[in-house]
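Data first, discussion second: the structure below is written as structure tokens.
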Amino acid sequence: MTDRYDPSSIEKKWQQRWEADGLYHTLDGAGTNFYFLTMLPYTSGDLHIGHWYAMSPSDAAARYRRMRGLNVLLPIGFDAFGLPAENAAIRSGIHPHKWTYDNIDRMRGQLRSMGAMFDWSTEVITSDPEFYRWNQWFFLKLWERGLAYRAMAPANWCPSCQTVLANEQVLPDGACERCGTPVTHRDLEQWFFRITAYADELLDHSKVDWPDPVTTMQKNWIGRSEGVEIAFGLDVPGVDQKEIRVFTTRPDTIFGVTFMVLAPEHPLVDQITTADRRAEVETYVEQARAQTEIERLSTDRPKTGVFTGAYCKNLLNGEQVPIWIADYALLWYGTGAVMGVPAHDQRDFAFAKQFGLSCPVVIAPPDWDGEPPEEAYLGEGSMVNSGQFDGLANEEGKSAVADYVESQGWGKRTVSYRIRDWLISRQRYWGTPIPMVHCPKCGVVPVPEEQLPVLLPEDAEFKPTGESPLVRHERFVNVACPNCGEPARRETDTMDTFMDSNWYFIRYLSPGYHDGPVDPARAKAWLPVDQYTGGAEHAVMHLLYARFFWKAIRDLGVVEGDEPFLRLFNQGQILGPDGQRMSKSRGNVVAPDEYVQRYGADAFRCYLMFIGPWDEGGPFGIEGIAGIQRWLNRVWGLVANPPAFGDAGPNAVRDMRRAVHQTVRKATEDIERFRFNTLLAALMELTNALVRHRDAGPAQTGARPGVDREAWNEAVESLLLMLAPAAPHIAEELWERSGRPYSVHQQSWPAWDEELAREDEVTLVVQVNGKLRDRIQVPAGIEEERAKELALASERVRPHTDGKKVQRVIYVPGKLVNVVVR
RNA sequence: GCCGGGGUGGCGAAAACGGAAAACGCGGCGGACUUAAAAUCCGCUGUCGCCUCUGGCGACUUGUGGGUUCGAUUCCCACCCCCGGCACCA
């Protein structure tokens, strides 16, 4: 029992034992099920430190739940489709399939070294046909329900490579990463999911317990605004359309409209532009198409735009309104047209100022002096220069104008969303083929269900231009129309990989199931997910898409309940030592394997949990791991070198038990809140206290009679139990070495006794005018009057109160007395 | 730019609530053990100043500036910097 702590000799041993015993095979286990889900890793190569940072605390939290008596499932799988595999193929000639599955083989071994309670029987790989056939099946179901549709949408386009580019493939200066040509946008017919159909339900987070920042971001992303769609008259010779509709949340400002702005892509632009303006307009449209949306929406750059030469009519006052185009109007928000009210909208104000357009005030601020405004006025006021609406408070004016517009048939109240339908088409190879066929006679025809999966052909040729090999793959593309049997073309777009992350956690429950995406009995037993953990970078897109998808398949009857993830915790991002996001190109990637070998998985897990609050992330440096090693060595020593037992006396026993019960209380609160750093700090403090108790015994000093055997055993047992979630191997080893029955991971989390945790004495802080002047030791339950008396009598306080008038004495029970003097 | 988060000792950080700023750990300094080193253990360690200097006293200190309060790392306003997301990286 005197040998030293050597992680390499115990970790592998226990990992094999746990696996052989099926200790973590919980899919069909007994008891109350608890689904603990952590975001599946992308198969990018070796497991990196970010995976350890995300997964080892998740494992600790899952293990804790298990110790609380729940049957916890912690599954694992691989997010395997996507751009990096394809890039690797183009760069090095390795087929995406081989690249991906080789990576998975390595990652499996690396994941096992973590010692996590993954139930490997549930493993899912999203690029397996057995998985993606159900992507296709879901697609067909959504299509049947009108939730999948085809429409034109812009994509990044490199005119030189003749290829669609991902945002990632466009350099910051807007050039193609392969050839340097300036990237533009090109409209393509693409597939969408109608997420907007669920926008209102997605705004409701009342059925989930999620961090506020995430729900706020999702709400802002959906961006619901109530307003009015209002028609402006259009009378341009040769143009059929007789009106332009705008969406506005401020119908009360309609009399202040001095211009109209269309998005440069707006279909009317080409028709209404006058001959003398055409050259300028076309140049501007071209420029706008080359910009990113972030650039277009930036509010701190000079406003740009051009006049089309055409006018429309404000139906409420009959005024002619010049029609401009400007890049800040987006085709996909509202109606793609904006009414310009410079006096009451900051952006319109800047635009009007830039182009010398007039700026009449129509909402008078309460103290308005009649002068022209120096900036847009967004506050409340009464309507002026607004015909029959003059004098109305603008809030009333909103509904009065809306009523009037509706009564005249010029528009209607409506709701607009910032969120757009989800474009799922990717012009790529390494993804799920979209199961559709284009027939010259029948149009767009779905692949019949019984023909699924539409397999991704293995023999693909990767061109350096990045064009999807599917487009020129004759055997894939040429197909008989499922409807009429005539020659037709298969759809060559594949699905966004966010489709995979929509439901991988459902597939985990029955990865080999053939009669549907999930075995209904398993779905009933496990869904929805009780706790989800993953990176904060997924706060909006993945987590919103997955909620949408869940609701859509709920309506298909595949799952029950309204939300997929009941509780959520987002960890922060672990950065390279330079404070930058880790990436191969920056060369700041920290590989975990070497550390695991040198320090052990337990120390490495604990260190990652100890360096700071899990939700904050931050730069990684290995320096501090020495503290964890020393601590684990001391814990080892508690079992390897126990104290001499004897009659310790009631005070020593009480002190030790108080330390134990206070630590159990603190540790429980911390792990419930995912505060692993302070959890481990508390365990260190308890360890240090136990070492002191032991070393104060007679073996060393002869001064004291010994350590109480029962209290010591309770202390060591509690410590090992609390250590088990964070450091599962050493906890198991010491549990065995101290003669306790296998397995520590099948024990209950310890309970604390409030009475034993209670302090007898507390330190009372005494302040004078808020400044600390003394600390006094008092009995824990001290009365207010007695506390104030002691405080005022303090030798250290009196010099600050003598000769002054005591105005108030503030007492915070058991904590502080503040004497306010003048 | 917009949305969300953050900024505390030399470093990672702690302080659910408006009530002791700096727990726990790293590093550093001093000491014990050792032939020596490593390991281990003990003590000190926010900054500045003062004194009767193995100790004690005082002032200051949580990005910057203002405010509310008996009292602010915590609440409010303005600003600066860093991180995440912004719809084809995942």
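The values are calculated or read from the model by the stated rules, or taken from the named source; none is laboratory data. These numbers were taken from a predicted model, which means no experiment stands behind them. We place every Cβ from the backbone using ideal geometry, glycine too, and count neighbours over all the protein chains shown. The protein model used for the area step is the full one, side chains on, heavy atoms only, and it has no ligands, DNA or RNA in it. Shrake-Rupley method; radii C 1.70, N 1.55, O 1.52, S 1.80 Å.
Here are a few things to note about the model shown:
- Degrees between helix A:212-222 axis and first principal axis of chain A (Cα, 0 to 90, nearest 10): 10 degrees
- Between A:A89, A:G387, A:V797, the Cα set farthest toward the positive side of the dipole of chain A (charges on each charged residue's Cβ, about the Cα centre) is that of A:V797.
- The equivalent ellipsoid of the range A:158-272 has semi-axes of 32, 30, 14 Å, largest first, where each one is the square root of 5 times an eigenvalue of the Cα gyration tensor.
- Principal axis dimensions, largest first and in whole angstrom, of the range A:581-712 by Cα: 64, 30, 17
- Portion, in percent, of the accessible area of the range A:261-399 that falls on carbon or sulfur, probe 1.4 Å: 53 percent
- Percent accessible area from carbon and sulfur atoms, the range A:516-585, protein chains only, probe 1.4 Å: 51 percent
- Computed from point charges on the beta carbon alone (+1 for Lys and Arg, -1 for Asp and Glu), the dipole magnitude for the range A:637-679 about its Cα centre is near 140 Debye.
- Debye intensity ratio in log₁₀ form over the Cα atoms of the range A:1-126, taken at each q of 0.10, 0.13 Å⁻¹: -0.39, -0.62
- The range A:350-412 and the range A:24-93 have Cα centres lying 55 Å from one another.
- Charging the Cβ of each Asp and Glu at -1 and of each Lys and Arg at +1, and nothing else, the dipole of the range A:203-306 about its Cα centre rounds to 140 debye.
- Under 5 Å between amide hydrogens, built in the peptide plane, is the criterion, and for A:W157 it picks out A:L165, A:T184, A:H185, A:R186 among residues at least 5 positions away or on other chains.
- The alpha-carbon of A:K463 sits under 18 angstrom from the alpha-carbons of these aspartates and glutamates, leaving out residues fewer than 8 places away in its chain: A:E86, A:E177, A:E474, A:D493.
- Cut-off under 5 Å, modelled amide H: who pairs with A:V768 long-range: A:R773, A:V819
- Seen through its C-alpha gyration tensor, with square-root eigenvalues sorted a ≥ b ≥ c, the range A:272-390 comes out prolate because a/c lies at 1.5 or above while a/b is bigger than b/c.
- Members of A:K242/A:K398; A:K13/A:K584; A:K141/A:K524 lying beyond 29 Å, as alpha-carbon distances in this model show: A:K13/A:K584
- Farthest toward positive dipole pole in chain A [+1 Lys/Arg, -1 Asp/Glu at C-beta], among A:A290, A:A525, A:C176: A:A525
- Taking the Cα centre of chain A as reference, the dipole from Cβ charges on Lys and Arg (+1) and Asp and Glu (-1) amounts to some 1800 debye.
- Taking Cα atoms only, the orientation of helix A:394-407 departs from the longest principal axis of chain A by about 50 degrees.
- Alpha-carbon Rg/Rh ratio, for the range A:635-737, with Rh computed the Kirkwood way: 0.99
- Put simply, when A:715-722, A:182-189 are sorted by average Cβ atoms within 10 angstrom per residue, most first, you get A:715-722, A:182-189.
- Per-peptide average of other Cβ atoms within 10 Å, ordering A:37-45, A:334-342 highest first: A:334-342, A:37-45
- The protection proxy used here, the mean number of other Cβ atoms lying within 10 Å of each residue, ranks peptides A:17-30, A:105-118 as follows, highest first: A:105-118, A:17-30.
- Mean-position separation - Cα centroids, the range A:753-786 and the range A:116-136, in angstrom: 58 Å
- For the range A:454-545, projected area of the alpha-carbon convex hull averaged over all directions, nm²: 9.6 nm²
- Remark: the range A:758-822 is approximated by an ellipsoid whose semi-axes, taken from the C-alpha gyration tensor as √(5λ), come to 21, 11, 9 Å, largest first.
- Excluding ligands, DNA and RNA, the accessible surface per residue across chain A is 44 Å² with a 1.4 Å probe.
- Taking the C-alpha atoms only, the angle from helix A:498-507 to the longest principal axis of chain A is near 40 degrees.
- Cα gyration tensor shape of chain A, rounded if a/c is under 1.5, else prolate or oblate by comparing a/b with b/c: oblate
- At the residue level, A:V559 shows approximately 10 square angstrom of accessible surface with a 1.4 angstrom probe and all protein chains present.
- For A:K771, the lysines whose Cα comes closer than 21 Å to its Cα, not counting residues fewer than 8 places off in the same chain, are A:K788, A:K804, A:K805, A:K815.
- Here the range A:718-802 is treated as a Stokes sphere of Kirkwood radius computed over C-alpha pairs; at 37 °C and 0.692 mPa s its diffusion coefficient rounds to 195 µm²/s.
- Candidates A:Y417, A:S121, A:Y429 compared by Cα position along the dipole of chain A: farthest toward the positive end lies A:S121, with charges placed on Cβ.
- Accessible surface of the range A:605-747, 1.4 Å probe: 46 percent of it comes from carbon and sulfur atoms.
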